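Contents: one structure, followed by commentary.
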Amino acid sequence: MDKLIEIYTAAAGNKFLQLVLIAIVLDTLFGVLRAIKERRFNSNFGINGAIRKCGMLVCLLALVIVDRIAAVNLIGFIPEQVREYMAVDRIGTMEFFAILFVAYEIISILKNMYLCGLPVKKIWQTVKAFLQKYTDELPADEETEGPEALAEVAAQEEGAAK
């Protein structure tokens, strides 16, 4: 048990893990602000987001142990400019997945910022267009089109319920 505490204490200072934690906190805050603005607190949606975020953290904590057992270096998957900027010479599995999780959270943060009414519309549209072209990981359109689309979806759901 002492060895695990030592491993996780050392991991607590990892820049990548810290970035994931910051991204999770920001996404949660903007998600709450969005829900307040839209007056649509949905515990089911909140629980799903919380489960996803807990899953990311559990994954990273498990990968800390994997990296301790098998010292894999995935630095070759990271572009040279990013390596220089981050001043790293080793990327373990935990760091690699942390980068992916931060990217995922940034997309969610941008979406929530846009839906809160912050002036990031152009950035969000550019990111959304890129994701639509290269991936199918984009949230459903009714979640990303803005308050007008949300009101329309709510009206449709209300009409269907009658």
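The values are calculated or read from the model by the stated rules, or taken from the named source; none is laboratory data. In this text, all values refer to a predicted model and were calculated from it rather than measured experimentally. Every residue, glycine among them, receives a Cβ derived from its backbone with ideal geometry; neighbour counts consider all protein chains shown. These area figures cover heavy atoms from the full protein model, side chains too; ligands, DNA and RNA do not enter into them. Shrake-Rupley method; radii C 1.70, N 1.55, O 1.52, S 1.80 Å.
Numbers for the structure displayed
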{"read-out": "Probe 1.4 Å - accessible area at residue 89, Å² to nearest ten", "value": "130"}
{"read-out": "Relative contact order of the stretch 33-106, pairs being alpha-carbon contacts under 8 Å that are 6 or more residues apart, as %", "value": "30"}
{"read-out": "Violating pairs (Cα-Cα greater than 24 angstrom) within the set 15/128; 3/53; 37/111; 15/121; 37/121", "value": "15/128; 3/53; 15/121"}
{"read-out": "Total charge dipole magnitude, the stretch 38-131, about the Cα centre, Cβ charges on Lys, Arg, Asp, Glu only, Debye to nearest 20", "value": "560"}
{"read-out": "FRET efficiency, residue 122 to residue 74 (Cβ-Cβ, R0 22 Å, nearest 0.05)", "value": "0.10"}
